[in-house]
Amino acid sequence: MTCTEFISLLDDLIDDSVNDRMRADLLAHLKDCEHCEVTLNTTRKTIEIYRSHEIYDLPPDLRERLHAAIMARCKRGC
Amino acid sequence: MSTIQSIAGENEQHPDVALVERVRGGDVSAYDTLVRKYERQVFRIAQHITQNREDAEDVVQDAFLKAYEKLDQFQGNSKFYTWLVRIAVNESLMRLRKRRTGKMVSIDEDVETEEGSVPRDLADWAPDPEQNYTQSELAEILRKTIQGLPQGFRVVFALRDVEGLSTEETAETLGLSVPAVKSRLLRARLQLRERLSRYFKRKAAPAGNGPAIAPLSGS
Ligand SMILES: [Zn+2]
């Protein structure tokens with residue numbers, strides 16, 4: 001397996017949607033390829049960081065204001 | 001409780017469906033519950049697409065109002081959440097179009113890609129690299145980094161990886177094919193990874209009293 005082939009299957013490996021044989025091939029490549037191992041680990045970390053950090057926080061006061069506005073408009077609509 | 005919910009079969013009714021039925025029966029307080037449950041997510045998605053806080057605020061209001069008005073068109077066989085997200089995505093794109101008048105905006109924008117390129121930056125990251133930054137510095141880095149992605153990638157990453165929609169749900173929400181979503185997701189993940197490497201890669205020596213956000217020196 002080449003690095004390009006490995007990268008094209010990176011998402012399937014990360015999302016755990018590979019069959020056993022494919023997984024064995026991917027892991028075999030990883031054993032000998034530091035480049036792809038770093039890519040895999042740091043890509044996983046990238047996803048994890050974006051999942052676990054709120055980058056567009058909705059502050060409580062804004063949330064309440066928006067919520068009130070939505071409900072007022074809905075009630076007016078009916 | 002959550003375990004039971006997650007293994008519940010498709011015949012089990014999602015709690016949202018019961019709320020939707022109550023709203024249809026005239027119970028506005030049930031809609032209040034739905035809005036509260038999803039307003040943060042809708043705001044986040046709107047921010048990801050419009051990249052503008054005022055627009056995002058408008059989108060949240062308009063999306064929930066539109067969902068309320070169209071509630072009788074909601075089919076119980078799809079999730080209320082993904083249905084709502086689709087409305088929010090459309091409202092966000094409409095906002096963008098208004099802002100950039102004359103310029104067509106669509107999810108298909110800026111997606112020239114060459115498939116399967118191998119990342120160039122080989123540097124490994126420090127362990128727990130985010131700990132070298134304060135929360136607000138980190139949030140700024142993450143915002144700046146994702147804002148640099150082409151819109152078509154950014155939205156796919158936001159829905160799939162941040163909001164946790166499945167590949168199929170993301171495809172349905174954006175009106176894309178499953179292979180298109182997969183291809184964009186891979187490109188988005190790799191591009192974000194490469195861009196974050198500037199901040200997170202292992203330093204030759206531990207950082208001293210230098211600035212927390214190091215300049216992009218060609219070290
Ligand atoms: Zn490799």
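Rule-based calculations on the coordinates, nothing more; no lab input. Just so it is clear, the structure is predicted and the values come from calculations on it, not from any experiment. In this analysis, Cβ positions are derived from the backbone assuming ideal geometry, glycine residues included, and neighbour counts consider all displayed protein chains.
Using the Cα atoms of the stretch B:13-99, I'd like the radius of gyration and the largest Cα-Cα distance, Dmax, both in angstrom.
Spelled out, the Cα radius of gyration and Dmax of the stretch B:13-99 are 12.8, 40 Å.
Determine the alpha carbon to alpha carbon distance for each of A:Lys45/B:Lys182; A:Lys75/B:Lys98; B:Lys37/B:Lys98; B:Lys98/B:Lys144; B:Lys144/B:Lys201; B:Lys98/B:Lys182 and list only those over 25 Å.
A:Lys75/B:Lys98; B:Lys37/B:Lys98; B:Lys98/B:Lys182
DSSP loop (so not H, G, I, E, B), at most 16 other Cβ within 10 Å: list which GluC sites (Glu not before Pro) in the stretch A:2-78 pass both filters.
In loop regions of the stretch A:2-78 (DSSP not H, G, I, E or B), the sparsely surrounded GluC sites (Glu not before Pro) are A:Glu54.
What net charge is computed for the residues neighbouring A:Cys74, neighbours being all others with C-beta under 9 Å from the C-beta of A:Cys74, Lys and Arg scored +1, Asp and Glu -1?
Overall, the nearby charge balance is +1.
Give the order of B:Asp62, B:Asp124, B:Asp27 when sorted by the count of other beta carbons within 10 angstrom, beginning with the fewest.
With the sparsest Cβ surroundings first, the list reads B:Asp27, B:Asp124, B:Asp62.
Just name one of B:Ala63, B:Phe74, B:Gln47: the one whose Cα is farthest towards the positive end of the charge dipole of the stretch B:13-99 (beta-carbon charges, Lys/Arg +1, Asp/Glu -1).
Sorting the options by dipole projection puts first B:Gln47.
Mind checking which aspartates and glutamates have their C-alpha under 15 Å from B:Lys203, skipping anything on the same chain fewer than 8 residues away?
B:Asp121, B:Asp124, B:Asp128, B:Glu130
Once you average over the residues of B:22-29, how many Cβ atoms of partner chains fall within 10 Å of each Cβ?
Going residue by residue through B:22-29 and averaging, the value is 1.
Which whole-Hz ³J(HN,Hα) couplings does the stretch A:42-54 yield from phi under the Karplus relation 6.51 cos²θ - 1.76 cosθ + 1.60, θ = phi - 60°, glycine and proline marked x?
6, 5, 4, 5, 4, 5, 4, 5, 5, 6, 9, 10, 7
Provide, for q = 0.16, 0.25 Å⁻¹, the log10 of I(q)/I(0) from a solvent-free Debye sum over equal Cα point scatterers in the stretch B:130-170.
Computed log10 I(q)/I(0) values: -0.50, -0.83.
Whole-Hz Karplus ³J(HN,Hα) for the stretch B:79-94, in order, using 6.51 cos²θ - 1.76 cosθ + 1.60 and θ = phi - 60°, x for Gly and Pro?
Calculated HN-Hα couplings, in order: 6, 4, 4, 5, 5, 5, 4, 4, 4, 5, 4, 5, 4, 5, 5, 5 Hz.
What is the set of long-range amide H partners of B:Trp125 at a cut-off below 5 Å, with H atoms built 1.01 Å from backbone N?
Distant-sequence amide H within range of B:Trp125: B:Arg202.
If you scale each eigenvalue of the Cα gyration tensor by 5 and take the root, what three semi-axes come out for chain A, rounded to whole angstrom and sorted largest first?
For chain A, the ellipsoid semi-axes come out as 46, 15, 8 Å.
Within the set of other residues whose C-beta is less than 11 Å from the C-beta of A:Leu58, count the net charge using Lys and Arg as +1 and Asp and Glu as -1.
-1
Per-residue HN-Hα couplings for the stretch B:18-29, Karplus 6.51 cos²θ - 1.76 cosθ + 1.60 at θ = phi - 60°, whole Hz, x for Gly and Pro?
5, 5, 4, 5, 5, 4, 4, x, x, 8, 5, 5
Once each part is reduced to its C-alpha centroid, what is the distance from the stretch B:44-77 to the stretch B:137-162 in angstrom?
Here the answer is 19 Å between Cα centres.
Place +1 on the Cβ of every Lys and Arg and -1 on the Cβ of every Asp and Glu in chain A, take the dipole about the Cα centre, and give the residue among A:Thr2, A:Tyr56, A:Leu30 whose Cα lies farthest towards its positive end.
The listed residue farthest towards the positive side: A:Tyr56.
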